[in-house]
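K.L.:
Here it is, the structure, as structure tokens.
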């Protein structure tokens with residue numbers, strides 16, 4: 001973790017200047033509390049940086065929340081393994097899923113199916129509770145439930161490192177969520193002009209807590225978040241049905257560690273935390289004990305204790321291999337074929353790289369597994385072989 005200013009912390013190892021400038025601008029907004037945090041995937045966004053955590057007190061920036069309200073993922077671990085898929089025509093499975101779930105922007109269901117009916121009724125009740133009509137934003141919002149959309153949204157049938165088959169998808173609140181977001185972004189910008197608020201960027205326009213505009217946005221935001229969650233559940237039901245038919249199984253059951261609702265639960269529980277809980281991080285990147293205790297309790301409650309830590313260890317190992325690779329590639333490019341002295345190897349604490357690095361004219365390729373995933377063990381062996389040579 002790097003403290004870039006009193007109100008900006010970064011966990012990003014690779015980040016460009018424009019993204020940093022944008023993050024510094026957002027962090028200077030008076031209601032950011034206690035600081036803005038950049039995640040490893042931080043990159044330039046519209047107004048606010050994509051891949052950042054922006055805690056606020058007394059105000060909210062609709063454009064920073066984004067136009068795909070509630071976007072997220074759901075995953076189901078099945079009882080199957082990779083061997084159940086070997087030798088089968090997976091293109092057929094993909095086509096079955098494509099027929100069951102409308103894909104791309106502007107594509108919707110032609111009718112409301114049985115699995116969607118109770119979810120639509122739930123959303124209708126929630127809209128009535130929040131005193132707004134989603135049809136004012138999208139008359140066909142009911143037909144949008146169970147559709148994927150476009151951009152970075154995806155559906156995936158994949159196998160993990162233990163060859164267990166997972167069903168995995170990412171989507172959000174579709175067109176209706178986009179319209180809700182666009183409306184409130186415009187409201188915030190109109191109010192900024194009305195009250196002569198000088199903003200560093202129009203997309204940092206905000207709504208102030210306690211105003212009717214803020215209250216309405218939060219109500220409709222929560223509805224859109226729930227729409228996004230039910231949209232993912234509806235699509236996952238359809239993916240499960242197609243996989244069941246494809247494999248000739250009576251049903252696909254979700255293993256105990258399937259994920260989906262966890263993000264929503266964390267969101268709700270965190271909202272209930274008192275403001276007095278100090279959300280501060282010391283120079284060593286350690287969260288204060290009070291918040292650590294709360295997060296530990298949440299992890300146990302959600303049955304994900306230890307999961308994130310395990311993934312963090314794996315990602316750290318992968319990044320170390322990748323950094324070693326890049327360091328050696330840089331060293332290779334600096335080597336001279338005309339008799340002049342080759343510069344020193346990179347950091348002696350990192351094992352230098354792979355035998356195939358002598359290929360001239362292009363960077364050596366990072367090894368891959370047969371399925372196309374990165375083979376970090378093979379990369380380490382190549383590094384060691386080069387070092388031994």
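Only the coordinates and a few stated rules stand behind these numbers; no lab work does. Since the structure is predicted, the reported quantities are computational estimates derived from the model, not experimental observations. Reconstructed Cβ throughout: ideal geometry from the backbone, glycine too, with neighbour counts over all protein chains shown.
K.L.:
Taking the simple approach of a point 7 Å from Cα along Cα-to-Cβ for both residue 3 and residue 92, what is their distance in nm?
P.N.:
Distance between label points: 6.1 nm.
K.L.:
Using just the alpha carbons, could you tell me how many Å³ per residue the convex hull of segment 2-57 encloses?
P.N.:
64 Å³
K.L.:
Let me ask something else about it. Taking N as the number of residues in segment 128-234, what value does Rg over Cα atoms divided by 2.2 N^0.38 Å take?
P.N.:
Here the Cα radius of gyration is 1.36 times the empirical estimate.
K.L.:
I'm checking a number: the convex hull volume of the Cα atoms of segment 67-181, normalised per residue, in Å³. What is it?
P.N.:
128 Å³
K.L.:
Still on this structure, please answer the following. Seen from all sides and averaged, what is the projected area of the convex hull of the Cα atoms in segment 1-142, in nm²?
P.N.:
Computing the convex hull of the Cα atoms and averaging its projections yields 13.8 nm².
K.L.:
Here is a further query. According to a simple spin-label model (label point 7 Å from Cα along Cα-to-Cβ), what is the distance in nm between residue 164 and residue 121?
P.N.:
Result: 3.4 nm between the two label points.
K.L.:
On to the next question. Please compute the length gained on full extension between residue 135 and residue 369, using 0.36 nm multiplied by the number of residues separating them and subtracting their Cα-Cα distance.
P.N.:
Contour length minus the Cα-Cα distance gives 79.4 nm.
K.L.:
When the Kirkwood radius is taken over all Cα pairs of segment 181-221, what Stokes-Einstein diffusion coefficient follows at 4 °C and 1.567 mPa s, in µm²/s?
P.N.:
125 µm²/s
K.L.:
Describe numerically, in nm with one decimal, the distance between label points set 7 Å from Cα along Cα→Cβ at residue 105 and at residue 197.
P.N.:
Modelled inter-label distance: 2.8 nm.
K.L.:
Right, next: Taking 20 °C and 1.002 mPa s as the conditions, I'd like the Stokes-Einstein D for segment 72-260 in µm²/s, using the Kirkwood hydrodynamic radius from alpha carbon pairs.
P.N.:
116 µm²/s
K.L.:
Beyond 14 Å, what share of the Cα-Cα pairs of segment 197-247 is found? Please give it as a whole percent.
P.N.:
The proportion of pairs with Cα distances above 14 Å equals 71 percent.
K.L.:
So what's segment 114-174 giving for Cα Rg divided by 2.2 N^0.38 Å, two decimals?
P.N.:
Against the compact-globule rule of thumb, the ratio is 1.50.
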